[in-house]
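Right, one structure below, let's go through it.
The values are calculated or read from the model by the stated rules, or taken from the named source; none is laboratory data. For clarity, every value in this text was computed on a predicted model and none was experimentally measured. With ideal geometry, Cβ positions are generated from the backbone for all residues, glycine too; neighbour counts draw on all protein chains shown.
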Amino acid sequence: MEKQKDSVDRIIVNNVSKIFYVFMDKANSLKEKMLFWKRNKRETREVLKDVSLTIKNGEAVALIGVNGSGKSTLLKLMTKIIYPTKGEIITNGKLTSLLELGAGFHPDFSGRENIYFNASIFGLTKKQIDARLEEIIEFSELRDFIDNPVRTYSSGM
């Protein structure tokens with residue numbers, strides 16, 4: 001029997017903007033200060049401007065864009081690693097992210113062992129992990145390799 005998905009809004013991003021300040025290198029000598037007097041200033045970079053989206057329970061979302069378009073920044077904002085300059089992000093439920101491929105995986109552990117290891121870090125009990133294990137393996141599309149060490153996986157796996 002398939003689980004019925006509810007229509008709960010899990011992540012709500014309302015008019016979010018993020019500004020970073022980039023400070024120029026300070027001059028080290030009087031000559032540099034005279035030649036590069038603007039170096040002491042900061043540049044303002046608005047990497048996200050008025051972004052809004054809603055992700056409902058069970059939805060899969062892809063962020064697609066060129067390098068530097070703000071994809072990772074938006075993910076960091078949604079997981080509260082950083083905070084918006086303007087706007088609000090509301091999350092309902094537990095939210096985790098994998099922002100760097102391979103982060104949090106022990107290369108000598110098998111895929112299965114990594115599932116148990118990482119899920120326990122997020123507070124799941126063995127019983128809870130056991131109940132979700134097949135679903136996690138199915139989602140990973142690594143069933144034939146799940147008991148091999150992660151270091152043997154290709155980068156596309």
Exercise. Give me the pairs: first residue in region 80-91 and at positive phi, second residue among the aliphatic types (A, V, I, L, M) and part of a strand (DSSP E or B), beta-carbon distance under 9 Å, and six or more apart or on different chains, which are they?
Worked result: LYS80/ILE89; GLY87/VAL13; GLY87/VAL16; GLY87/LEU48; GLY87/VAL51
Exercise. Is there any pair linking a residue in region 136-152 that is on the phi < 0 side of the Ramachandran plot to one that is assigned to a helix (DSSP H, G or I) and among the aromatic types (Phe, Trp, Tyr), with Cβ under 7 Å and at least six apart or on different chains, and which?
Worked result: none
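For region 138-154, give me each residue that is out of contact with any helix residue (DSSP H, G or I) (no Cβ under 8 Å at 6 or more places or on another chain), within 15 Å of PHE117 (Cβ to Cβ) and in a helix (DSSP H, G or I). Steps first, please.
Residues of region 138-154 that are out of contact with any helix residue (DSSP H, G or I) (no Cβ under 8 Å at 6 or more places or on another chain), as a first pass: 138-139, 141, 144, 149, 151, 154.
Adding the requirement that they be within 15 Å of PHE117 (Cβ to Cβ) leaves 149, 151.
Selection gives ARG151 alone.
What residue, of ILE115, ILE121, is aliphatic (A, V, I, L, M) and either surrounded by fewer than 13 Cβ atoms within 10 Å (Cβ to Cβ) or over 27 Å from ILE81 (Cβ atoms) (or both)?
Working: ILE115 fails: either surrounded by fewer than 13 Cβ atoms within 10 Å (Cβ to Cβ) or over 27 Å from ILE81 (Cβ atoms) (or both).
Sole residue among the options that is aliphatic (A, V, I, L, M) and either surrounded by fewer than 13 Cβ atoms within 10 Å (Cβ to Cβ) or over 27 Å from ILE81 (Cβ atoms) (or both): ILE121.
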Exercise. Does any residue of region 42-65 turn out to be surrounded by 13 or more Cβ atoms within 10 Å (Cβ to Cβ), at pLDDT 90 or above and of a type in the set (Lys, Arg)?
Worked result: yes
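Considering only region 60-72, I want to know if a residue exists there that is over 21 Å from ILE11 (Cα atoms) and not polar (S, T, N, Q). Let's see the steps before the verdict.
First, pick out the residues of region 60-72 that are over 21 Å from ILE11 (Cα atoms): 66-68.
If we keep only those that are not polar (S, T, N, Q) too, we end up with 66, 68.
Yes, region 60-72 has at least one match.
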Exercise. ASN14 is checked against (1) modelled with pLDDT under 85; (2) surrounded by 12 or more Cβ atoms within 10 Å (Cβ to Cβ) and fails just one. What number does that condition carry?
Worked result: (1)
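In the list LYS94, LYS38, which residue meets the criterion of being in a loop (DSSP other than H, G, I, E, B), modelled with pLDDT under 85 and among the charged types (D, E, K, R)?
Values: LYS38 fails: in a loop (DSSP other than H, G, I, E, B).
So the residue among LYS94, LYS38 that is in a loop (DSSP other than H, G, I, E, B), modelled with pLDDT under 85 and among the charged types (D, E, K, R) is LYS94.
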